[in-house]
Amino acid sequence: MATERESFNVLWLQSGGCGGCSMSLLCADTTDFHGQLRDAGIHLLWHPSLSLESGGDVIALLNDVLEGRVRLDALCVEGSLLRGPNGTGRFHVLAGTGLPMIHWVQRLAAHAGVVAAIGSCAAWGGVTAGGANPTDACGLQYEDERIGGLLGAAFRSRQGLPVVNVAGCPTHPGWVVDTLMALAAGELGAESLDALGRPRLYADQLVHHGCTRNEFYEFKASAEKPSDLGCMMEHMGCKGTQVHADCNTRLWNGEGSCTRGGYACIACTEPGFQEPGHPFHETPKIAGIPIGLPTDMPKAWFVALASLSKSATPKRVKVNATADHRVVTPAIRRTRLK
């Protein structure tokens, strides 16, 4: 006789961040968010914005987890971990406990089946760790691209996994929901993560894939100002050919992405995106050649192909690239074979 599977218990904590990943999560493509989780066997033990419990009830829950009275299958942390001042963590104390948030995260992580960093702040430190980083912010297992973070390079959860980095700023609701559902179904193991611990369900693609500006990219017909229709790689700072995410095939709110909205991809799923070393809307170049070229293409090949492409650019593509609307429409040609 089949037995009912135990629910997959998820605890969500917020640390040093803006709460944008939770706001994004509310845009999940479903009419019944809680129902979708419930149908997948996921039980949300507590979320600071989505749950009714507060104060003493939450503290009691955390202690129940630590004492083994409540099983913790996934600990989700949103926001960077604030270790300052001087390693005390007291820039962020969990209300009502007198203890730093990093203390709670470290202890709870030791009991969790899986630990997931929700968003780039929790994954790498993100925007919170930018500049002089006065709060000594870091990610759960990374500081930008350097492994370590709060939990350390050697950390493995109860299921033997490193931190699952659902990176993005904010992270796409589909990435979070699909990751939790895969974990609940027992279908996300070490082989399902890329070299930086990101779920391959979205990290095995590039933002460039599915971009509506790809024809302009192919002919190197470039936008020159924000309202232009052309490719934004050459002049406008777009890093879509280098960045791991499926933003243009798994659209935001069912229809949008940064590039479709006219803004360059700023690499928000990648470590260190918050400080690229140049303005987000500009492409740094050497001798007129962009420094950031497609990830898996030799620079010499790219330069040669770009030169050929530009020389073969149709007038329609060239004119439309620097306009804010379609000026020249495709020519009409007979398509039947003779």
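The values are calculated or read from the model by the stated rules, or taken from the named source; none is laboratory data. Keep in mind that what you see is a predicted model, and the values were worked out from it rather than measured. We place every Cβ from the backbone using ideal geometry, glycine too, and count neighbours over all the protein chains shown. Keep in mind that these areas ignore ligands, DNA and RNA; they rest on the heavy atoms of the full protein, side chains included. Shrake-Rupley method; radii C 1.70, N 1.55, O 1.52, S 1.80 Å.
Of all the listed residues (Arg213, Arg198), the sole one being closer than 19 Å to Leu75 by Cβ, open to solvent by less than 40 Å² (accessible area, probe 1.4 Å) and among the basic types (Lys, Arg) is Arg198. Restricting region 229-251 to residues that are polar (S, T, N, Q) and either open to solvent by 20 Å² or more (accessible area, probe 1.4 Å) or under 14 Å from the mean Cα position of the chain (by Cα) (or both), the residue that is farthest from Gly17 (Cα to Cα) is Thr249.
Scan region 252-277 for residues that are open to solvent by 40 Å² or more (accessible area, probe 1.4 Å), over 17 Å from Ala129 (Cβ atoms) and assigned to a loop (DSSP other than H, G, I, E, B) and the total you get is 7.
Does Gly41 meet the test of being open to solvent by 50 Å² or more (accessible area, probe 1.4 Å) and either at pLDDT 95 or above or over 25 Å from Val166 (Cβ atoms) (or both)? Judged against the criteria, Gly41 is not a match.
Residue under question is Leu45, and the condition is that it be in contact with a strand residue (DSSP E or B) (Cβ under 7 Å, 6 or more places away or on another chain) and free of Cβ contacts under 8 Å to residues at least 12 places away in the same chain; does it hold? Spelling it out, it is not the case that Leu45 is in contact with a strand residue (DSSP E or B) (Cβ under 7 Å, 6 or more places away or on another chain) and free of Cβ contacts under 8 Å to residues at least 12 places away in the same chain.
Among the residues of region 260-312, those identified as of a type in the set (Gly, Ala, Ser) and closer than 22 Å to Cys211 by Cα are Gly261, Gly262, Ala264, Ala267, Gly292, Ala306, Ser307, Ser309, Ala312. Taking every residue in region 154-176 that is open to solvent by less than 10 Å² (accessible area, probe 1.4 Å) and pairing it with any residue that is among the basic types (Lys, Arg), at least 6 positions away or on another chain, the pairs with Cβ-Cβ distances below 6 Å are Asn165/Arg198; Ala167/Arg198.
Is at least one residue of region 88-99 charged (D, E, K, R), in contact (Cβ under 8 Å) with a residue 12 or more places away in the chain and more than 18 Å from Pro173 (Cβ to Cβ)? Checked region 88-99: no residue is charged (D, E, K, R), in contact (Cβ under 8 Å) with a residue 12 or more places away in the chain and more than 18 Å from Pro173 (Cβ to Cβ).
Count of region 126-142 residues, restricted to those that are open to solvent by 40 Å² or more (accessible area, probe 1.4 Å) and β-branched (Val, Ile, Thr), is 2.
Within region 311-338, the set of residues being surrounded by 14 or more Cβ atoms within 10 Å (Cβ to Cβ) and without any contact (Cβ under 8 Å) to a residue 60 or more places away in the chain comprises Arg316, Val319. If Asn214 meets every condition in (1) without any contact (Cβ under 8 Å) to a residue 40 or more places away in the chain; (2) of a type in the set (S, T, N, Q); (3) under 23 Å from Ala28 (Cβ atoms) apart from one, which number is that one? Status for Asn214: all satisfied but (3).
Scanning region 105-125 for residues that are open to solvent by 10 Å² or more (accessible area, probe 1.4 Å) and in contact (Cβ under 8 Å) with a residue 40 or more places away in the chain, we see that the one that is nearest to Arg71 (Cα to Cα) is His111.
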